[in-house]
Each structure stands twice: as structure tokens, then as C-alpha cells.
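The values are calculated or read from the model by the stated rules, or taken from the named source; none is laboratory data. Given the structure is predicted, the values throughout are model-derived calculations rather than measurements. Positions of Cβ are generated from backbone atoms using ideal geometry, with glycine treated the same way; all protein chains shown enter the neighbour counts. To get the accessible areas, we keep the full protein, side chains included, count just its heavy atoms, and leave off ligands, DNA and RNA. Shrake-Rupley method; radii C 1.70, N 1.55, O 1.52, S 1.80 Å.
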Amino acid sequence: TNWSNDEVVKRGTGYNYGVDGFLRPGAAYDNVIEYLYYKMLEMDVARYEENYEDDTLSAIFMLSWQKKFAAMLIPRGMETNDSHTRALEIFLGPKILKTVLTEMMTREELKEDENEPFMTLFQQYASDGPEAVLGEKTMFESDGTLFSGFQEEWDHDLKLLFEKSQASEETQDIVMEYMDRAYRITELLNRCFKLARDEHIDGKRFSSEAENEPKSTDSLFSDFPVEAQIFAGGLELSSILGAASLSATQSDVTNGSVAAAVAVSIVFALINIPTSFGTMTNVSRYVNRQEEFRAEFSRTKMLGLERTLFKVLSSSKRKEIDDASNPLLKRVRVAYEAVVSGAKYYDTSSDEVQASYSKTDFTDLKSLEAFMEEITSNFIAKLYQKEAYLKDTLVLLYAACIELAEVLENDERTGDEESYIEDEATYKAFRRMPKFTERLENSLQTGPIVYGFIRKNKKLSQWAIFAPLRLYFFLMGNFLLKGFSLRCGGLFNPISTEIKIMRGVVAALNSSLGQTLKKEAYDLKELFHATMESSIGMSLFFVGMWVFIFSFFIIANGIASAVQNTSTTCAGALGISGRNSFQQYQCFVVEGGAIVSALAGLIALSFFVRQFRHQRKVVAAINYLPSPPPSVRKIGSLAYFQSLISIWQCIATCTSLASIVIGFVLRFDFADFENNVTFGLAIGAVGAFGISIFLQLIANLGMLYNVEPSAGIDVCSAFWGTLTKKHRLFSLGRSEKSVMSPALEDRESWEYVAREFLTETRFDTVLGADRFNAVMQAIQSGDTSSWRGNKIFAKEE
């Protein structure tokens, strides 16, 4: 490779290119110690102490090198594990001394007979330890880091060895020359350990920049999120263009000129083709994102939800659950299988792990703790020295055992007599999980995506042609059939209702158990929204698809009408028998086009109503503040103006719907209107749409542009109390024994805070994606000290 060393480390440890790097170093510890020894010898020969007086070790072992050795010796999750640290000391300490001894035995002065007593004692000391030579091991104060206190210990023991062997001063000087290199090895390893520990605590160890970045707006799954808000404008325009195109051939607006009427109709239909196709592609990508979230939830969070429900049961209730259904044992088993398969992949044996696993009783705390001790002190620290990635899977196995051990420890402390009032509800929810998991997995869309937006291998019920029926079934299950389906054992529940019921149960348990299930309850809320938004999105695709198709039908009808010099007619008085084949085609185009345009308009209208309601939430939230910062007040003014635009868009959509409805009335002689009324309304809708675009430009290029760049931090400052309260609630239930970085756990809590807060306040319906993203990232930063500041804002009168 022609990369620099620093670039190798950044790539190798995943600093810029992923969570797991592809160049993470691994080597047998004998080779590592030998390499380090010769690097220390190189320092002596090159006179590093003379040239780099301040810090000779950092001169030859830069931070990049230290990260390499830290990645090799200390896997993520073991940075604060005392058992692993002590095992490394016990394992590496003698190796360092034996390497020094090997080099000392090549020194001519030490080969002399008078030095044989010392060399014999030192060899025994390096092989068997101080107890075998000195009779006891003197303990020195340690700060808990790797090899801290070893220099003092070895200095003390060497003095005793010198006295016991009566070594000369010349011999002592030669030996200390070699031992000085050993001391520097331990100091380097100590620095590597501290670097790993500090980066673990700060959440910066071996993680990619992409992983360190706060989550973007794509991570927000809620009712009508920012990405879905563009669909309303597309559907509104499709409805307006459809109404204008249809009414142009139905109205006397061209003084009887068929060609002119056809031209007007075709122009509007042509504009509708890219508009509807754009809606289809945008909706498809939106649906795919919802489905990816649902699949990810099934893979990563379903077992976690099951484990949490199991843990909040009382000890007596947990004993009613057999081992095969125990999710904690299931997690241990999955992690163990990953270790075995990983060992096979890296072409190494897993016999010792399998033997230890098979003899462990995972229902007995002492047996489990012995297995955990063997993982940290033997398997990770000694057995798999050069398999750096296999150590990660062992850490995951250790983490699974920690969770199980905490439950067993709690069972021993509380006993079998204690029971909780929530036990019955929790037990029912837990027993419901296997069926719920199966239903969710069967509802997923996991096929490949082609052309950037079309997902293949869908089930028949997931096809776009059945999307409205599927959505109707979901809505009926959510709002009308819930009680009935519950009494029937969930026989008629769609998956959305199953999720809603499970979310209600977990949310109720969360309130009763003191917010310990808050993350799980919110995860299910997002899963429900993703499921419903996916279904709604496919219905939008269905409407957009038919608008797209009927645009071509309208163009074809226009061309045929111009060729035959006949106007489009679909009068109800003619009856089907009174129409020729071309007139029947015209009727199909007119009525079909009117229906799909009306559907597009109705959906757009419902979206604008939802958008208006969410924009009013922003206004209400800001008005509730006693003294918001200036930028937040500007956001409030912008929200008020945006809500007025939403009302205007509702008016434009209703105007196009009125044109379509009056067209129906005229064709079937339900009332008497002037023929050009429908076209006039359609043109009025086009004009209203143009005005709404102009108002949006004023909002985006004027009001939004003038919002200060500090708006993200200012929103955090204004809602500081709400955000910190939510953070406390989402931080409940953390395990003190967790192998996860405290900073990463805290960041995860702030991510939940951001998503919940922004779902409640709905700033996404007012701010552009970039400004909204700034607010979201400011919350996720968790930088509460910068939120408060010293400036006191006074509310302007």
C-alpha cells in the first residue's frame, strides 16, 4: 500500500470507512513483544533520548501506532474490564521478561561464570514468577490500568535478585540496560490502554465518521414526516391539471374550435405526466425507506423488546417460562453460535469455547460467572491473540451473559415469593411476542429494489393495485374493529392493529413501571407510523399511477377528437346503448380521469389539513414559551404564515375538486350550469396554485432565510427543560455493567429525545429539511451547557 501510516490506521480501525475496519491488526503476542523490544532497541541506537527529550515514546510510536496496538490487545467493550486487564498483565508480563532474558543471554558479559547465579534466578523468575524465587509477591499500588505499578514491582524484585545472587555493579548496569527497554514496553502498552479506555468513555473508539455524525431527518419516522410533505403539492398539482385538462374539452371556451380545445387539454395532460411520475418515484422511495426501517426493527429490536418484557417480570413469573422461550438464553445461544461460526471463518479452533459452553449451567449464577470469567481472562486475553474480529464476537457473548447474570442475581436477591401487580399484563404481552414477531416478518417487503424505486418480489396483497383496499383494511382494524378483533383473539387484526395493540400494552406498562420501557414504547410507536405510512404511500402510488396512465388516455382522446373534428362528450342522457365505440372510449377517459383526479385532490386535501394541524402545533408550542429567543420567535411567525399557505392550498385543491364535481353534475344533468364554469374553476385552481407557490417563495426565501443560523441551538435553549426531562426518562434502566460506551449510550438517549420532541412539536412542517436537520442535530448533540448560555431573552411586546 502507498497509504501513509495514519491513513492506514484510520481506514483499518474504521475511522472514516465503517464501523468495522478491514485492516485492524492482529498478531501473536510473542511476535508483538519481540517487535516492541526491537523498536526500543532502535530508540537506543538512534539516540532518541538525546533528540526527543520531552517524549521519546511518542516520537517513535505516534498516536496512530498506539491505536493499532490498542485495537490488537483491547477489543471494544473490554476497556474497563478488570478481569481482562489483569489477565493481559499476567499473560504479557512473563513474555516481556522472557524476551529480555533471551536478549540478555546473547550478551558476552552475562555469559561469564560469575553471572550464572543471577541468570539462573532471573530465568526462574521470568518463568515461574516471584513467588518461586523470592517466596512472595510484593504488591504495589496500581491505578487499575494495564501494567501500572509493574516498573516499581520489577525494580523491587530485581534488587532482591541482585542481592541474592551477589551480582556485581557492572552486571546490574548491564541488566538494567535491558530492563529499561522492558519498562518502556510496559509504558507504551499502558498508554495504549489508557487511549482505548478514554476513547471508550468518550464514545470515539474505532468508529466511523458516519457513525459519529448525528442522525439525519431520514431517521425520523412519524405521522406525515418532512419527506412526505412534498407529496401533497404533487397530488394537488395533478388534481388541478387533471381538472383543467378534462374541463377544456367539456367547456365552450374556444368558441367551438375543437382543435383549440384539444390543444389546451393536451398541454395540461402533458404537464401532468412528469408531475404524476415524479409523485410515483418519490412515494416509492419513501415507502422503501419505511420498509427498510420495519425490516431493521425486526432484525435488531424485536428480540430486545422481548428481553425487556422478560426482565420486568417478577422472579416467580419468569420461572413459568421454559428455557426454549427465554429470550436471554436465546441471546446467549445466538452469540455463542456467532463465535463458533466466526472461529470457523477465521480458520481457528473453537473447541475450548464449546467445551466451556457445554459444561456451563446458564440457570446458575456461579456457573455463569465462571464462564464469563473464562471469556475475559482466557478466550479474549489469551486464546484468540491474533483474531481481532473474533474477539468482538466474544465481547458480544460476554454482553449477553451480563444481561442474563443481572436477572439471575436479581432472582437470588428477591426470591420466588415476590410478585408484581403488572405481572399478568406483562406475561400476556410476552406470550404474544412470538406470534407478533411472525406476523411482522410476514408483512415485510424485503425484495431487491430496481430502477432506484421499484421493489420486486412483493406478495400479491402488497401490490400497488390492492393498496387502497389494504389501507382501508388497516384503518378499519385500527379504529373500528379493534375491540371486536381483541375479543376474537386477534383473528381479524391487520398487522398495523397488532402493532398498535402491542404499543398500547407496552406504553401502559411503561407508565406503571416508572418509565423503564420508554424506549421500547417509542420504538413501537415509530414502527406503527412506518407501517401506516408505507400503506398510505402505496395508496398514493396507486393514485399517481392512474393519473399517469389517464394522462396518456386524455392525450390520445384529444388527438383522436381533433382528427375526427368532434368534441368530447359523455352525456348521461345518451345511455350506453346510444353511444358509438369512440364515444364510449371518450366516456371512459372523461369519467376515469375525473375519478382519479378527484382521488388525488381528496388525498392532497387531507394532507394539507394534517399539515395545517401540525403547523399550529409549532405556533402553540412557541406561544407557550415565556421568553423565546429572537430566532425562535421568527420560527413562530414563519409557522403562522405557513399555516395560512396551507389554508390557501386547501382552497386551491377544493376549487379543482369543485370543477370535477360540477363536471359530473353537467354530464349527468343533475343541475344546470354554464358549460364554461368547470374550466373557469380549473383555471382558478391553477391560479391559486401559482399564488401558493409565490407565497412559498416568500416564506422560504424571505422569512426562513432571515432565521438566524443559531436557530437549532436557540430551539434547544427555549425548550431546555422539556429536553432534559425527556433525556432523564430515556436514560432510565441503563446497566452499570454494560460493555457499551457511556457516551454512546448517552447519545442514543439524546437521539430518542430528538425524535420524540420533534414528533410532538412538528418543526418539520415549518422549516426546510436543512434547517430542520440543524435543529435535530443540535438536540442529538446533548450539549446542554451551550443551550443555556448567559443571555436572558425578553419577550417583545
If you scan the stretch 338-356, which residues turn out to be part of a loop (DSSP other than H, G, I, E, B), in contact (Cβ under 8 Å) with a residue 12 or more places away in the chain and open to solvent by 70 Å² or more (accessible area, probe 1.4 Å)?
346
Can you run down the residue pairs with Cβ atoms below 7 Å, 6 or more apart or on separate chains, where the first is in the stretch 81-95 and charged (D, E, K, R) and the partner is open to solvent by 40 Å² or more (accessible area, probe 1.4 Å)?
95/30
Those residues that are open to solvent by 70 Å² or more (accessible area, probe 1.4 Å) and touching a residue at least 60 places away in the same chain (Cβ under 8 Å), I need them from the stretch 435-445; list them, please.
441
Neighbours by Cβ (under 8 Å, 6+ apart or cross-chain): first from the stretch 668-691, under 19 Å from residue 597 (Cβ atoms) and modelled with pLDDT of 65 or more; second part of a loop (DSSP other than H, G, I, E, B) and hydroxyl-bearing (Ser, Thr, Tyr)
676/251; 677/251; 678/251; 679/251; 680/251
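To keep it simple, each residue is scored yes or no on (1) at pLDDT below 90; (2) open to solvent by less than 30 Å² (accessible area, probe 1.4 Å); (3) at positive phi.
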{"site": "524", "(1), (2), (3)": "no, yes, no"}
{"site": "535", "(1), (2), (3)": "no, yes, no"}
{"site": "549", "(1), (2), (3)": "no, no, no"}
{"site": "558", "(1), (2), (3)": "yes, yes, no"}
{"site": "567", "(1), (2), (3)": "yes, no, no"}
Which one is farthest from the chain's Cα centre (by Cα), of the residues in the stretch 267-285 that are buried (at least 23 other Cβ atoms within 10 Å of the Cβ) and under 24 Å from residue 456 (Cβ atoms)?
276
Out of 138, 102, which single residue is hydroxyl-bearing (Ser, Thr, Tyr), free of Cβ contacts under 8 Å to residues at least 60 places away in the same chain and in contact with a helix residue (DSSP H, G or I) (Cβ under 6 Å, 6 or more places away or on another chain)?
138
Does any residue of the stretch 203-217 turn out to be surrounded by 20 or more Cβ atoms within 10 Å (Cβ to Cβ) and under 30 Å from residue 113 (Cα atoms)?
no
Single unsatisfied condition, residue 173 versus (1) more than 50 Å from the chain's Cα centre (by Cα); (2) part of a loop (DSSP other than H, G, I, E, B); (3) of a type in the set (Asp, Glu)
(2)
Taking the stretch 742-757 and keeping residues under 16 Å from residue 518 (Cβ atoms) and not small (Gly, Ala, Ser) leaves 745, 746, 748, 750, 751, 752, 753, 755, 756, 757
Unique match (being modelled with pLDDT of 90 or more, open to solvent by 10 Å² or more (accessible area, probe 1.4 Å) and under 30 Å from residue 88 (Cβ atoms)) among 359, 330
359
Of 370, 381, the only residue that is buried (at least 19 other Cβ atoms within 10 Å of the Cβ) and not aromatic (Phe, Trp, Tyr) is 381
For the stretch 498-505, check the following and say yes or no: at least one residue is modelled with pLDDT under 85 and either surrounded by fewer than 21 Cβ atoms within 10 Å (Cβ to Cβ) or not aliphatic (A, V, I, L, M) (or both).
no
Would it be correct to say that residue 147 is open to solvent by less than 20 Å² (accessible area, probe 1.4 Å), within 30 Å of residue 525 (Cα to Cα) and in contact with a helix residue (DSSP H, G or I) (Cβ under 7 Å, 6 or more places away or on another chain)?
no
Can you pull out the residues in the stretch 31-50 that are free of Cβ contacts under 8 Å to residues at least 24 places away in the same chain and under 11 Å from residue 100 (Cα atoms)?
38
Give the residue, chosen from 79, 89, that is within 30 Å of the chain's Cα centre (by Cα), among the charged types (D, E, K, R) and at pLDDT 90 or above.
79
Conditions (1) under 22 Å from residue 350 (Cβ atoms); (2) open to solvent by 40 Å² or more (accessible area, probe 1.4 Å); (3) in contact with a Gly (Cβ under 9 Å, 6 or more places away or on another chain); (4) part of a helix (DSSP H, G or I) -> residue 432 fails only (1)
Take the stretch 728-744 and flag every residue that is part of a loop (DSSP other than H, G, I, E, B) and either touching a residue at least 12 places away in the same chain (Cβ under 8 Å) or on the phi > 0 side of the Ramachandran plot (or both).
731, 732, 733, 735, 737, 738, 739, 740, 741
